Every structure is written in structure tokens, then in C-alpha cells.
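Take a look at the structure below.
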Amino acid sequence: MRAVIPYKNENAKSRLSPVLSKEEREDFVELMLEDVIKALNDAGMKTIDILTTSTEGIPKEFKGDLIVTKPGLNDSINEYLQNANEPILIIMADLPLVTGDHIRKITSVSEDVVIVPGKGGGTNILFIRHPNEFTVKYHDCSFTSHCEITEDLDKSMHIFDSFLASTDIDEPHDIVELMLHGKGKAKKYAEKRFGSETGKGRVKISPLSKLSSFI
């Protein structure tokens, strides 16, 4: 069993640009990657690959295999799957709320394919027992696409429903969930830069520099 993490550091997470600079976003995604790697290690996952187009932003402590590939998420993952001869867990790098317990439960499911849906129809984690028979199709409504691909292959499927595992950090409001529910390095990074504001609506984040102007 192997885990593979698709990863991009350079100018990452552009949708967070209203609240974080380019350099801050690059630091942030590296810390989220570290949290994901820790979850995999906590689950006893011994073989971890990072699939990336660049060696930038890879944690110095990472002891797995670094696979540098050409741009194109689907093409790079599908090429990886074609060369796989054991079950593969594909996990996105922006899931700092995922824990080792989530990983253990996902990989213990008996079905051929386990899909962890993300927000808005995305796919956060895929566990595939026969990877060289599978083709991924990320972007757009990838959750539906992966369900259809699994059905077309006549494989059994399990949908793993988890709020924490479905929370990928893409938009500024996602940082609220990280600050409320996170435990790792990405949460600490966010807490150094943001405070929370409560009122009649939902909790919102504000840069600490802005909050201090009201104190």
C-alpha cells in the first residue's frame, strides 16, 4: 500500500490571495503538506510519494519519494497509477484536518474504491485497490466523475463521509474551520496571522493587524 500526495508550492492557493501574500501562501501550503504527511505516518503508512512539478517547498524532513512530473494533475496521476502494482491512497495536500484515524478507517474499508468527497463536488481522497485499472478525472465535479468511473469499471464503492476529511483549505472562510478544528502546524500558522470575529452571523477571520487597530 502506498500513499501519493499531488503537491504544488509555487504561487499556490491563489484564492487565498485576499488574506495571504504569495510568500505566505507558499509557506502555508508547505505546513499543510506536513500535517497531511503526519496523518499518514500516524496511520502507519510507510511508503509516501509526493507528486510535484518542482522541488520547491518540500519539507526537509520528508523521507519518502519525490516524483517530479510535467504539469497536468490528471495526466501525472494517471501515469502514476498505470505503474502501480499495489493499493494506492491519493490524498490532496490541503487537508490539514485529516487525522491518522481517518486514514486507517479509509484503508480498512473492503470495497474496491473509497471516495472522500470534498466541498463543492471535489474529491479529497481516493483509495483504489486496483489502481492500474483506474483513471482519475479531477477538476469540475470530480466526485461525480469518480463515482461514474468506478461504476463503469464494475467495481464496488464506498463513500467516506467526514466533515474534517472533506474540508480542504481553498478560500479565506475555510481558515475558520482550520482554526476551530485543527491541531497541527497549519493551524498554528493561521493563528499567528488571524483572529476570529463573532457576531450575529458565522465566525469570520480578520488579520491580527486589523484587529489590533480596534484594541
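The values are calculated or read from the model by the stated rules, or taken from the named source; none is laboratory data. Everything numeric in this text was worked out from a predicted model, so none of it was measured. Positions of Cβ are generated from backbone atoms using ideal geometry, with glycine treated the same way; all protein chains shown enter the neighbour counts.
Figures for the structure shown
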read-out	value
Residue that is crowded, with 20+ Cβ neighbours inside 10 Å, among the acidic types (D, E) and either assigned to a loop (DSSP other than H, G, I, E, B) or within 18 Å of the chain's Cα centre (by Cα) (or both), where the choices are D27, D35, D49	D35
Selected residue (only one of P18, P71, P6, P59 is in a strand (DSSP E or B) and not small (G, A, S))	P6
Among the candidates L126, L95, L81, residue that is in a loop (DSSP other than H, G, I, E, B) and under 18 Å from Y7 (Cα atoms)	L95
Single residue of segment 110-123 satisfying the filter (under 19 Å from M1 (Cα atoms) and crowded, with 16+ Cβ neighbours inside 10 Å) that is nearest to the chain's Cα centre (by Cα)	V116
Qualifying residue in segment 50-58 (condition: at pLDDT 95 or above and not polar (S, T, N, Q))	yes
Leading residue by the ranking (surrounded by the most Cβ atoms within 10 Å (Cβ to Cβ)) among those in segment 94-109 that are farther than 25 Å from V176 by Cβ and in contact (Cβ under 8 Å) with a residue 60 or more places away in the chain	T107
Filter result for the condition that a residue is in a loop (DSSP other than H, G, I, E, B) and either within 16 Å of the chain's Cα centre (by Cα) or outside the structural domain of N41 (by TED's automatic domain parsing) (or both), over D154, D168, D140	D168
All positions within segment 52-66 that are of a type outside the set (K, R) and surrounded by fewer than 16 Cβ atoms within 10 Å (Cβ to Cβ)	S54, T55, E56, P59, E61, F62, D65, L66
Count of residues meeting criterion [within 18 Å of I149 (Cα to Cα) and in contact (Cβ under 8 Å) with a residue 40 or more places away in the chain] in segment 69-83	8
